[in-house]
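S.K.: First the structure, which I've put down as structure tokens, then a few questions once you've had a look.
Every number here is computed from the coordinates shown, using simple stated rules; none is lab data. All values reported here derive from a predicted model rather than from experimental measurement. Quick reminder, even Gly has a Cβ in these numbers, built from the backbone with ideal geometry, and neighbours come from all protein chains shown.
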Amino acid sequence: MRERLERQLTGKMGELKVFVKLLEQGLVPYAPLVDEGMDCLLRNGTQIQIKTVKTQRDPRWFQITNLVPRDNLYIICVDATGEFWIFPSKIFAENATESKGIYDLNLDTKGRAEKLKEYKNAWALLKRH
């Protein structure tokens, strides 16, 4: 029970950090009452799923269950150091390992962080729609 609460708190803290950054960018996030794979929606129709990692053991390893990539869905990852990675969902899916509906993207393996560095703090992607 305690571990589940810790995960929920970590997730909520990550969401709030992202909301602040969105507001700083002039983007207003709208949060749904129920999380069904979308943590917020922007006025321009962009949907955002936020993933947060707190542990230093796997500081940049993000998982999404049952991801359905689409043009207007972005995945914002908050790593354990507080860095933001903004991925179009198709890019996330292409670079993740998928098994039984779980997409794993570990930026610390296979040179992924270097390969995907253009998505670090790529807030401008969210303004294109």
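S.K.: Return the sequence-ordered ³J(HN,Hα) values of region 3-14 in whole Hz as given by the Karplus equation 6.51 cos²θ - 1.76 cosθ + 1.60 applied to θ = phi - 60°, using x for Gly and Pro.
M.R.: Each residue's phi maps through the Karplus curve to give 5, 5, 4, 4, 4, 5, 5, 4, x, 5, 4, x Hz.
S.K.: May I pose another question? Please list 3J(HN,Hα) in residue order for region 108-115, calculated via the Karplus relation 6.51 cos²θ - 1.76 cosθ + 1.60 where θ = phi - 60°; whole Hz, with x for glycine and proline.
M.R.: Result, rounded to whole Hz: 9, 10, 6, x, 5, 4, 5, 4.
S.K.: Please give the Cα centre distance for region 50-129 versus region 1-48, rounded to the nearest Å.
M.R.: 15 Å
S.K.: Continuing with the same structure: Multiplying the sequence separation of residue 16 and residue 94 by 0.36 nm and subtracting their Cα-Cα distance, what value in nm do you get? Please report the intermediate quantities before stating the final value.
M.R.: Values: separation 78, 0.36 × 78 = 28.08 nm, distance 2.71 nm.
Extra length available between residue 16 and residue 94 comes to 25.4 nm.
S.K.: Same structure, new question: I need the phi-derived Karplus couplings for region 31-36: 6.51 cos²θ - 1.76 cosθ + 1.60, θ = phi - 60°, integer Hz, Gly and Pro marked x.
M.R.: With coefficients 6.51, -1.76 and 1.60, one gets 9, x, 5, 10, 7, 10 Hz.
S.K.: Ok, one more. Mind ordering 75-81, 38-44, 64-70, 4-10 by average Cβ neighbours within 10 Å, highest first? Before the final figure, lay out each step's value.
M.R.: Values: 75-81: 21.4, 38-44: 16.1, 64-70: 13.7, 4-10: 11.3.
Descending packing order for the listed peptides: 75-81, 38-44, 64-70, 4-10.
S.K.: Would you pull out the residues with amide H under 5 Å of residue 73's amide H, same chain only if 5 or more places away, H placed 1.01 Å from N?
M.R.: The list, which skips near neighbours in sequence, is 47, 89.
S.K.: For the ranges 84-97, 108-121, what's the packing order if you count other beta-carbon atoms within 10 Å of each residue, average per peptide, and put the highest first? Walk me through the intermediate numbers first.
M.R.: Numbers: 84-97: 18.8, 108-121: 13.1.
Order by mean packing, descending: 84-97, 108-121.
S.K.: What's the magnitude of the charge dipole for region 2-127 around its Cα centre, counting Lys and Arg as +1 and Asp and Glu as -1 at the beta-carbon? Answer in Debye, nearest 20.
M.R.: Details: 20 positive and 17 negative charges, 24 e Å.
Rounded to the nearest 20 debye, it is 120 debye.
S.K.: Give the long-range amide H neighbours of residue 40: residues separated by 5 or more places, or on another chain, with amide H under 5 Å away, using H modelled in the peptide plane at 1.01 Å from N.
M.R.: Hits under the 5 Å cutoff: 48.
S.K.: Next up: Would you kindly calculate the translational diffusion coefficient of region 2-127, applying Stokes-Einstein with the Kirkwood radius from alpha carbon pairs, for 10 °C and a viscosity of 1.306 mPa s, and quote it in µm² s⁻¹ without decimals? Mind showing how you got there, number by number?
M.R.: Working: Rh = 14.7 Å.
It diffuses with D of about 108 µm²/s by this estimate.
S.K.: Name the residue farthest towards the positive end of the dipole of region 2-127 from the options 95, 33, 82, assuming +1 on Cβ of Lys and Arg, -1 on Cβ of Asp and Glu, about the Cα centre.
M.R.: 82
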